[in-house]
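Accompanying notes for the structure given below.
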């Protein structure tokens with residue numbers, strides 16, 4: 001009996017993968033003239049590690065490359081049948097996919113070919129579960145790798161086939177929820193890009209409806225330095241609509257503290273939205289001098305990264321409390337009576353504004369923007385504060401929807417890990433789960 005048997009229930013015998021799969025092998029690559037072997041007219045799909053990464057489900061249906069019949073003969077690659085389980089052995093180790101079409105693969109992929117002496121969906125889920133284990137077998141080379149021999153002798157616990165199917169069904173259900181949530185996020189991101197373009201070039205009328213586009217109603221637009229804009233809008237420089245444009249102070253490391261005011265750095269800004277990230281937070285006890293007061297943030301302040309990754313935008317909310325910025329961030333404080341800061345923040349995130357910002361780079365050894373450049377940035381602005389508010393609210397709402405869906409996605413992924421650990425080790429038997437569920441009905 002294997003030493004690992006004590007980890008699992010006694011009625012879960014351990015079997016090597018080479019005894020579970022009909023055949024285990026690895027692919028191959030043509031030895032010469034590679035370019036002529038790969039083409040859209042190739043007869044067979046040709047899988048590589050990147051294809052496993054690109055697939056967002058447990059199945060592999062598409063590959064970037066196709067291989068010709070002559071390349072297949074030259075290489076040691078074989079055509080794998082539908083239902084083959086591929087495992088990546090180089091670079092990103094342990095990626096696992098089930099093929100849904102006949103294909104060949106390169107030598108970086110190990111192929112477990114059907115039929116299997118177990119439920120294939122259970123086997124897939126178990127291989128996903130043990131993926132971190134492969135790293136301890138990785139060779140001490142510049143690129144992580146495992147061998148086909150290591151894969152062959154890997155032991156897998158096999159409960160009764162009925163229990164395998166039940167475990168796989170539960171985990172597949174969670175996977176489906178994860179994929180559906182990710183699809184929602186993707187659709188919301190696409191919707192946001194469309195809204196950014198439409199709302200920040202066409203705006204909304206007195207009824208809160210999008211104005212017709214320029215092509216359909218040129219009479220409601222006028223020419224401007226930023227192109228065609230609604231007649232009720234004006235192009236403004238940030239300096240003309242702001243009371244303050246400044247940047248943070250240097251050498252504040254000596255003021256770092258375990259608690260206190262937030263110290264905002266570029267890492268706290270994100271291109272995903274105009275809110276802040278709190279993955280890594282630093283606190284400061286700022287100096288009680290003019291420099292400290294100059295960089296103290298207020299609700300509605302617009303922050304712009306001015307070094308390294310230029311033009312990342314954040315807008316200070318009224319719920320953040322006391323906060324300060326470092327020297328890599330510019331602070332723009334609009335006149336709030338006339339300007340919705342969040343509208344300006346969203347506008348500066350548009351592709352048009354971002355492209356303009358990238359062209360203003362000071363150059364030199366390091367990328368950067370100076371304060372006169374920030375002051376001279378132009379934005380297209382509705383003169384009506386009501387219209388600004390309406391547009392900003394719509395864009396904030398979709399950002400909130402995206403963030404809510406992302407939080408749900410992380411909860412599902414965390415749930416999946418916990419359920420895998422319980423069910424695939426036998427710590428919680430799926431039969432007892434089903435019995436508990438039935439008794440509660």
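The values are calculated or read from the model by the stated rules, or taken from the named source; none is laboratory data. Keep in mind that this is a model prediction, so the values were computed, not measured. In this analysis, Cβ positions are derived from the backbone assuming ideal geometry, glycine residues included, and neighbour counts consider all displayed protein chains.
Got a number for residues in the stretch 105-137 being touching a helix residue (DSSP H, G or I) at 6+ places or on another chain (Cβ under 6 Å) and closer than 14 Å to residue 26 by Cβ? So that I can check it myself, show each step before the final result.
Taking the stretch 105-137 first, the residues touching a helix residue (DSSP H, G or I) at 6+ places or on another chain (Cβ under 6 Å) are 108, 110, 116-119, 121-122, 125, 129, 137.
Checking the rest, the ones that are also closer than 14 Å to residue 26 by Cβ come to 108, 110.
Number of matching residues: 2.
Among (1) surrounded by 13 or more Cβ atoms within 10 Å (Cβ to Cβ); (2) at pLDDT 95 or above, there is one condition residue 173 misses while meeting the rest; what is its number?
Evaluating residue 173 over (1) surrounded by 13 or more Cβ atoms within 10 Å (Cβ to Cβ); (2) at pLDDT 95 or above leaves (1) as the failure.
Could you tell me whether residue 289 is assigned by TED's automatic domain parsing to the domain that holds residue 376 and without any contact (Cβ under 8 Å) to a residue 24 or more places away in the chain?
Numbers: assigned by TED's automatic domain parsing to the domain that holds residue 376: yes; without any contact (Cβ under 8 Å) to a residue 24 or more places away in the chain: yes.
For residue 289, the condition - assigned by TED's automatic domain parsing to the domain that holds residue 376 and without any contact (Cβ under 8 Å) to a residue 24 or more places away in the chain - is met.
Return yes when residue 340 is assigned by TED's automatic domain parsing to the domain that holds residue 272 and under 18 Å from residue 300 (Cα atoms) and no when it is not.
Working: assigned by TED's automatic domain parsing to the domain that holds residue 272: yes; under 18 Å from residue 300 (Cα atoms): yes.
When the stated conditions are applied, residue 340 passes them.
Which ranges mark the helices (runs of 4 or more DSSP H) fully within the stretch 25-127 that have 2 or more residues being buried (at least 20 other Cβ atoms within 10 Å of the Cβ) and modelled with pLDDT under 90? Reasoning before the result, please.
Details: elements: 34-37, 49-54, 69-74.
It comes to 69-74.
Can you give me the ranges of the strands (runs of 3 or more DSSP E) entirely in the stretch 184-286 with at least 2 residues that are in contact with a helix residue (DSSP H, G or I) (Cβ under 7 Å, 6 or more places away or on another chain) and either free of Cβ contacts under 8 Å to residues at least 60 places away in the same chain or surrounded by 15 or more Cβ atoms within 10 Å (Cβ to Cβ) (or both)?
Numbers: elements: 233-237, 242-247, 261-264.
Answer list for the stretch 184-286: 242-247.
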